[in-house]
Amino acid sequence: GLWFGKKVRIVDSQLDVRDAASGRNGGGLYAAAGLEFANGRLLFENCRAKMAGGGVFSGSDIVLIGKALTLRRCITTGAGGGIYVAAGSLTRSGPSQVEDCYARGGGDIAFVQGNITLAETVITGSSRSLHANGHVHIDTLNCARASSACYVTGHANLVVARAATCPRGAGFYKLGIREG
């Protein structure tokens, strides 16, 4: 995968990372001091990390603004199958698709020490959990093609602002409290 020792800022680009692996953190991309990606497309597919962040690991805030984010079959034996943020928040404006991401340590979709803000999110396959120690705010959520109910763990306050299409199991929930 890609490794950056400083904050990463990428603008007006398409970044496809496939079949990448790390024996530590960030199978697809490791950003030691944060990641900002604007006006482009991101794809992480078949990425694996032994410790955390199967797709992406960031030591600080992640801000993703733009056309598309796809996390497909990103896994870790630690936490954060798709994305792991060690200190800070995850902010995503624009459409996101998460498919078959898995983390044995929690947060199949993302494991974030701060807040999570997501715009349009589609969850398919076996991906089902978010972990946040802060607040979770999701504008539009569709987990109609998820193989089981989607949920949030951690000390998070969950808000799904608009439509939540989650017909499997109990829908999208936090610690047994149904939200969608």
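Numbers at a glance
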item: Boolean, H131 is modelled with pLDDT under 95, surrounded by 19 or more Cβ atoms within 10 Å (Cβ to Cβ) and part of a strand (DSSP E or B); result: yes
item: Matching option when the condition is hydrophobic (A, V, I, L, M, F, W, C) and over 17 Å from G82 (Cα atoms), among V159, V136, V122; result: V159
item: The stretch 58-84, residues that are aliphatic (A, V, I, L, M) and over 9 Å from the mean Cα position of the chain (by Cα); result: I62, V63, L64, I65, A68, L69, I75, A79
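The values are calculated or read from the model by the stated rules, or taken from the named source; none is laboratory data. Quick caveat: nothing in here was measured; it's all calculated off a predicted structure. Don't worry about glycine lacking a Cβ; one is built from the backbone with ideal geometry, like all the others, and counts go over all protein chains shown.
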